[in-house]
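To keep things clear, I will list the structure first and then write my remarks on it.
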Amino acid sequence: MQAMSSKASELFRRNIQTVLHENGLSHASLAEMVGTSRPGITRIISGVDGVTIERADRIANALGFTLSELLEEKLRIPVKNP
């Protein structure tokens, strides 16, 4: 399993936090969507644990994004329908 570079991991973590915030989601809800533990998600998002490309791809897909979208400097979050 290949780990992401530190710059990519930082972008990924920041963008995940943005997506969670914008959608009112918690670490627990993301963990449930991914099929992993809340502490595991929290460690990834906080930067305590690294993240493999495979795990990052699963997280991205659970949130409705591609991995490449979550590695962009300026994340584009779709506008919610009222």
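Rule-based calculations on the coordinates, nothing more; no lab input. None of these values were measured; they are calculated from a predicted model. Here Cβ is always computed from backbone atoms with ideal geometry, including for glycine, and neighbour counts include all displayed protein chains.
Could you work out the local net charge near Ser9, counting Lys and Arg as +1, Asp and Glu as -1, over the other residues with Cβ closer than 13 Å to its Cβ?
Around Ser9, the surrounding residues sum to +3.
So for region 6-71, averaging the separation of alpha carbon pairs under 8 Å that are six or more residues apart and normalising by length, what relative contact order in percent results?
39
Please give, to one decimal in nm, the separation of the simple spin-label points placed at Arg43 and Glu10, each 7 Å out from Cα toward the Cβ.
Roughly 2.3 nm, to one decimal.
Grab the other residues whose beta carbon is less than 11 angstrom from that of Leu67, score K and R as +1, D and E as -1, and report the net.
Its environment carries a net charge of -2.
Step through the residues of region 57-66 one at a time and calculate ³J(HN,Hα) from phi using the Karplus curve (6.51 cos²θ - 1.76 cosθ + 1.60, θ = phi - 60°), rounding each to whole Hz and writing x for Gly and Pro.
Going residue by residue, I get 5, 5, 5, 4, 4, 4, 8, x, 10, 8 Hz, with x marking Gly and Pro.
Run lengths n ≥ 4 of DSSP H only: what is the helix-derived mean residue ellipticity at 222 nm for the chain, with -39500 (n - 2.57) per run over all residues, to the nearest 500?
-16000 deg cm²/dmol
By how many nm would the segment from Thr36 to Asn23 grow when fully extended, if each residue of separation counts as 0.36 nm and the alpha-carbon distance is taken off?
2.7 nm
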